[in-house]
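Inspection log for the structure reproduced underneath, given as structure tokens.
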Amino acid sequence: MCAMARPRKPLLSTDRIVETARDLVDREGLTAVSTRRLAAELGVSGPSLYNHFGTKDEILEAVADSVSALVDLSMFEDGRNWRTALHDWAVSYRAALRDHPNIVPVLARGPGRRPAALRLADAVYGAMVDAGWPPAQATSIGALMRYFIMGSALGSFAGGFVDDASAYDPADYPHLGQAHLLAEQQEKIDERAFETGLGALLDGLAQQYEQLRQGG
């Protein structure tokens, strides 16, 4: 009788490390990541990770870039006008951050040398310049969109209110009589707030764009 072959462990790869680290960050936050914990999650020895990453920070940078890579950039290549493209990109970007909120503090540091993040910045800037925005204003548009999207992902407005009506004594807070109901509608309220803010932001840019085209 032939001896049964031992089950083979999946080969350790950069992609597998990043995927496992991203899952760990999603579940437990940035502080949960260490080479020892990650090695245990992967079922390997700690030193084997150093064949792929030198430090914990390098791993977190890679996780952040894997989230940037989830953002759709096709709207900047398929003929959509600049305003529609910015809107659709912002929605896709926010969705990626909403699904992986714990990595946002790393993303908020800026793109650094991360390839997917740099491709994202290049796509937005290039599309704005191609649409006729001066380079300096195209840079500002990329920055303000990033501020807005990142800010929306850092925390929930509706989720910040407790569901205890007694916390909102009308003698102290006469306009917050329904605030205890906000948390149960968190997703709907936050989505509506994002779309309201995004629409207002794009309306303002559209006015500037028309003035620019008219030479104002």
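In debye, nearest 20: dipole of the chain around its Cα centre with unit charges on the Cβ of K, R (+) and D, E (-)?
Value, rounded to 20: 1000 debye.
Separation of the range 28-92 and the range 150-216 by C-alpha centroid, Å?
Result: 28 Å between the Cα centres.
Which whole number in µm²/s is D for the range 129-216 by Stokes-Einstein, with the Kirkwood Rh taken over Cα pairs at 37 °C and 0.692 mPa s?
Result for D is 209 µm²/s.
On the accessible surface of the range 59-117, probed at 1.4 Å, how many percent belong to carbon and sulfur atoms?
51
Can you compute the radius of gyration and Dmax for the range 170-216, using only the Cα atoms, both in Å?
18.0, 54
Just the accessible area per residue of the range 13-140, please: how many Å² with a 1.4 Å probe?
I get 49 Å² per residue for the range 13-140.
Using a probe radius of 1.4 Å on heavy atoms only, what accessible surface per residue do you get for the range 143-216? Whole Å² is fine.
Result: 66 Å² of accessible area for each residue.
The values are calculated or read from the model by the stated rules, or taken from the named source; none is laboratory data. Keep in mind the model is a prediction, meaning the values are calculated, not measured. We place every Cβ from the backbone using ideal geometry, glycine too, and count neighbours over all the protein chains shown. Keep in mind that these areas ignore ligands, DNA and RNA; they rest on the heavy atoms of the full protein, side chains included. Shrake-Rupley method; radii C 1.70, N 1.55, O 1.52, S 1.80 Å.
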